[in-house]
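Here's the structure we're looking at; comments come further down.
The values are calculated or read from the model by the stated rules, or taken from the named source; none is laboratory data. This one's a predicted model, so the numbers in the text were calculated from it and none came from an experiment. Here the Cβ positions follow ideal geometry from the backbone for every residue, glycine too, while neighbour counts run over all protein chains shown.
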Amino acid sequence: MSISLSYQEEGLETVIKRFSKKAFSRDCLIKSSLFIFASIATIFIFFIIIFLFALGGGFFQKVSLFDFLSGTKWLPSRNYFGAAPLILGTLLVTIGAMVIAIPLGLGTAIFIAEIAPPKISRFLKGAVEILSGIPSVVYGFFGIIVLNQFIRISFDIPSGNTWFSGSIILAIMTLPTIVSVSEDAISAVPNYYKEASLAVGATKWQTISKVVLPSGLSGITAGIILGIGRALGETMAVLMVCGNCAIIPDPITNIFSCIRTITASIGLEMGETPAGSIHRESLFALAIILFLMTLAVNTIANIILSRINKKFQGIPKRKIFKNLAFAQKLNENNFYLKLKHKLKKNKRLLVYSLALIIITFILSTLVGWLNATLFCLVFVCIIITMNSISAKNKQKVWYCLITIASLIVLFFVGLIIYYVIIKGLPAITLEFVIGFPSNLGREGGILPAILGTLYLVGISVLFAVPIGIMAGIYLSEYSSKNSKISKIVRAGIDNLNGTPSIVFGLFGFAFFVVFCDFGISMLAGGLSLGLMILPTIIKTTEEAVKSIPQSFREGSLALGSTKWQSISKIVLPAAIPGIVTGIVLGMGRAAGETAPILFTAVIFSQRKLPNSPLEPVMALTFHLFILSTDVPNADLQAAGTALVLLILVSILYSFAFIIRNRYKKKKTW
């Protein structure tokens, strides 16, 4: 009896061991599969680099890098390949955008995080999110019909297609990035920092300016750098409003000069170059320069952002209070303290003086030297007055300026939406929505463009969603933050996320259209868009899975589940709302992009719907671009197309916001 019992126990133990080995092997297989999906983003980054250098690297054997970067004449048809005007144009329009966007964005972020009541804060955040969802081609359309005309009339110049208009449009487009990242950085500052400052008698504005902003400076800097990367990589808006003159402004501060950017040159000339020509190679060489610029900018931003979470860890509250109390008790007659204060004051004075000289120099091109000097003198008087007034009055002044910055952001949102609706509403008829285009798009409808956009979005989602979800699960559940492989994978995803859309278009043309022999087709365009939205889905999936409490996993594992069973049966069902939000946001971005499909998928006019994924399609973004820039007397049709596109993208983003808000309300852990 005892012998048979021992055999039964041995058999049960063997079964358990076999089951454990099988479960362990299955989990290892799943982990390896998820790692492959997560590595795809990194692999595609290497593919992009390989194809760019393979197709553009040969150019530098024919034209030296120095001549390419320093040459001042860009006329490829006559073998002049001086990229200096294009590089300088890209930098100038970006600098102009940052001059406008940084004060507005930072002021709005402070208002949302520290000053506004909760309801107003949520409303303003929603307005900023609306700005982020407007397609770039709609910004370009707004620039053509409103902004350029306003600049031309207001400043009495022959054309409104200027560096100035491009900077304004880019500033509006980069505001969501700067506001959201800066607001997150400001909100991340621990409350006991603020409490300690208020406890020693500081006003709320002194707390914000002396404690909160310096503490969140790294995050604010990262937001600004990401905004710079966004501006450097923008294609359609600057192509539509800047005039596209490959010249260096004379003088260099002439903001009313027509300019051309790197992205605009690629977008304009790529479709006209024969295969294998030096002209095409020069465009890929430009793409290499652009890719390296944005890669450097985004890498710096990601390094800064990766350190934000570590910044406030391990600092005891008592140490903060102790240091602030000690600072209050310092003797004001201390020689070293006075010396340090003087050096800091002189350093600030030098920086302010240089900034004032630069501002005067720039303003002189707008209003003349006399008016610019008077303006700066008034500005200096205001600064001196601000330093002499009481802390409470100074707070009122700063609160007023910050509120004005937030109102300006709201004004931009309302103005763009208002003009698109007012101009486009008369064009919206049943025939316009379900008809086919005729007379070069001046008549008829846009049904093929609507369906073509949906086809492209569908293919991009089918490609990106499985890879993105699996990669997000791996990064959240299996990867170690300190491992080298995990860091490489994350770096690949971050750099893919920061790659300019025009580079995706070039890569899609070189890889999907030519190398894979898909031709100009909806399949090639959809895959290019899918590659572009892949980082969005990966990051939102990772954050959604991370937000599920660890206790959920521990409870499942305690009942005997394997790790994958815990993830698939417990974690993923709870994270579905967040994952769906990321998918819908990716769909919205794919529907609003033009550059990735410019060389891979689209044609302007089509009298029938495509029968195969290997046929080209129409798309709302490209249709709007052509109507706005190349077809005379098509303003009404263009406005109607812009309105339909805005409605389509708004519906997708609205779904994402509704899902996210309901998920937050139901979330009880």
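Regarding residue 615, is this residue crowded, with 24+ Cβ neighbours inside 10 Å, among the acidic types (Asp, Glu) and touching a residue at least 24 places away in the same chain (Cβ under 8 Å)? Step through it out loud before you land on a result.
Numbers: crowded, with 24+ Cβ neighbours inside 10 Å: no; among the acidic types (Asp, Glu): yes; touching a residue at least 24 places away in the same chain (Cβ under 8 Å): yes.
Judged against the criteria, residue 615 is not a match.
For a quick check of your reading of the model, give me the residue pairs whose first member lies in region 396-410 and is free of Cβ contacts under 8 Å to residues at least 12 places away in the same chain, whose second is aromatic (Phe, Trp, Tyr) and surrounded by fewer than 18 Cβ atoms within 10 Å (Cβ to Cβ), with beta-carbon atoms closer than 8 Å and at least 6 apart or on different chains.
Filtered contacts from region 396-410: no entries.
Evaluate the following for residue 141: is it aromatic (Phe, Trp, Tyr), without any contact (Cβ under 8 Å) to a residue 12 or more places away in the chain and more than 24 Å from residue 402 (Cα to Cα)? Walk me through how you get there before you give the answer.
Values: aromatic (Phe, Trp, Tyr): yes; without any contact (Cβ under 8 Å) to a residue 12 or more places away in the chain: no; more than 24 Å from residue 402 (Cα to Cα): yes.
Criteria not met by residue 141.
Rundown of residues vs (1) of a type in the set (S, T, N, Q); (2) within 18 Å of residue 471 (Cα to Cα), yes/no style:
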site: 551; (1), (2): yes, no
site: 557; (1), (2): no, no
site: 565; (1), (2): yes, yes
site: 574; (1), (2): no, yes
site: 592; (1), (2): no, no
site: 595; (1), (2): no, no
site: 603; (1), (2): no, no
site: 614; (1), (2): no, no
site: 620; (1), (2): no, no
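If we keep just the residues of region 555-573 that are exposed (fewer than 14 other Cβ atoms within 10 Å of the Cβ) and assigned to a helix (DSSP H, G or I), which is nearest to the chain's Cα centre (by Cα)? It would help to see each step written out before you state the result.
As a first pass, look at region 555-573 and keep what is exposed (fewer than 14 other Cβ atoms within 10 Å of the Cβ): 555, 558-560, 569, 573.
Imposing the further condition that a residue be assigned to a helix (DSSP H, G or I) reduces the set to 555, 558, 569, 573.
Values: 555: 38, 558: 42, 569: 34, 573: 29 Å.
Checked region 555-573; the qualifying residue nearest to the chain's Cα centre (by Cα) is 573.
Within region 426-481, count every residue that is closer than 14 Å to residue 34 by Cα, part of a helix (DSSP H, G or I) and hydroxyl-bearing (Ser, Thr, Tyr).
Residues meeting the conditions: 3.
Is it fair to say residue 228 is in contact (Cβ under 8 Å) with a residue 60 or more places away in the chain, closer than 30 Å to residue 58 by Cα and not in a helix (DSSP H, G or I)?
So residue 228 does not fit the description; no.
Just one of (1) under 27 Å from the mean Cα position of the chain (by Cα); (2) free of Cβ contacts under 8 Å to residues at least 12 places away in the same chain trips up residue 584, so point out which.
(2)
Each row is one residue, and each column tells you yes or no for (1) within 23 Å of residue 641 (Cα to Cα); (2) outside the structural domain of residue 179 (by TED's automatic domain parsing); (3) polar (S, T, N, Q).
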{"site": "395", "(1), (2), (3)": "no, yes, yes"}
{"site": "398", "(1), (2), (3)": "no, yes, no"}
{"site": "418", "(1), (2), (3)": "yes, yes, no"}
{"site": "445", "(1), (2), (3)": "yes, yes, no"}
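Checking the conditions here, which among 230, 260 is at pLDDT 90 or above, charged (D, E, K, R) and crowded, with 19+ Cβ neighbours inside 10 Å? Give the steps one after another, and end with the answer.
On the way: 230 fails: at pLDDT 90 or above.
So the residue among 230, 260 that is at pLDDT 90 or above, charged (D, E, K, R) and crowded, with 19+ Cβ neighbours inside 10 Å is 260.
If you go through region 522-554, how many residues are surrounded by 19 or more Cβ atoms within 10 Å (Cβ to Cβ) and either of a type in the set (Asp, Glu) or touching a strand residue (DSSP E or B) at 6+ places or on another chain (Cβ under 8 Å) (or both)?
Number satisfying all stated conditions: 3.
Quick one: which helices (runs of 4 or more DSSP H) sit completely within region 59-169 and have at least 3 residues that are of a type outside the set (Phe, Trp, Tyr) and surrounded by 19 or more Cβ atoms within 10 Å (Cβ to Cβ)? Before you say what the answer is, go through the steps one by one.
On the way: elements: 59-62, 65-70, 84-110, 118-133, 136-142, 148-154.
Per the criteria, 84-110, 118-133, 136-142.
Might you let me know whether region 137-156 holds any residue that is among the hydrophobic types (A, V, I, L, M, F, W, C), modelled with pLDDT under 90 and over 28 Å from residue 591 (Cβ atoms)? Full working, then the answer.
Going through region 137-156, the residues among the hydrophobic types (A, V, I, L, M, F, W, C) turn out to be 137-138, 141-142, 144-147, 150-151, 153, 155.
Retained after the next criterion (residues that are modelled with pLDDT under 90): 155.
Among the residues that remain, those that are also over 28 Å from residue 591 (Cβ atoms) are: 155.
Looking for residues that are among the hydrophobic types (A, V, I, L, M, F, W, C), modelled with pLDDT under 90 and over 28 Å from residue 591 (Cβ atoms), one finds at least one in region 137-156, hence yes.
Across region 82-134, which residue is nearest to residue 410 (Cα to Cα) among those that are basic (Lys, Arg) and free of Cβ contacts under 8 Å to residues at least 40 places away in the same chain?
Our first condition is that a residue be basic (Lys, Arg); within region 82-134, this holds for 119, 122, 125.
Going one step further and asking which of them are free of Cβ contacts under 8 Å to residues at least 40 places away in the same chain, we end up with 119, 122.
Numbers: 119: 15, 122: 13 Å.
Filtering first and then ranking leaves 122.
Under the condition of being in contact (Cβ under 8 Å) with a residue 40 or more places away in the chain, among the hydroxyl-bearing types (Ser, Thr, Tyr) and under 28 Å from residue 543 (Cβ atoms), which residue from region 622-664 is surrounded by the most Cβ atoms within 10 Å (Cβ to Cβ)?
Applying the filter and picking the extreme gives 653.
Within region 653-669, does at least one residue satisfy the condition of being within 30 Å of residue 446 (Cα to Cα), out of contact with any Phe, Trp or Tyr (no Cβ under 6 Å at 6 or more places or on another chain) and at pLDDT 85 or above?
No; the residues of region 653-669 include none that is within 30 Å of residue 446 (Cα to Cα), out of contact with any Phe, Trp or Tyr (no Cβ under 6 Å at 6 or more places or on another chain) and at pLDDT 85 or above.
Tell me the residue from 438, 479 that is farther than 17 Å from residue 302 by Cβ, among the polar types (S, T, N, Q) and out of contact with any His (no Cβ under 8 Å at 6 or more places or on another chain), please. Steps first, please.
Details: 479 fails: farther than 17 Å from residue 302 by Cβ.
Every option except 438 fails the conditions.
Give just the number: which of (1) at pLDDT below 90; (2) not assigned by TED's automatic domain parsing to the domain that holds residue 606; (3) not β-branched (Val, Ile, Thr) does residue 477 not satisfy?
Against the list (1) at pLDDT below 90; (2) not assigned by TED's automatic domain parsing to the domain that holds residue 606; (3) not β-branched (Val, Ile, Thr), residue 477 comes up short only on (2).
Looking at region 473-486, I want the residues that are on the phi < 0 side of the Ramachandran plot and have a partner that is modelled with pLDDT of 80 or more and acidic (Asp, Glu) with Cβ atoms under 6 Å, at least 6 apart or on another chain. Which pairs are those?
So the pair list comes out as 475/542; 476/542.
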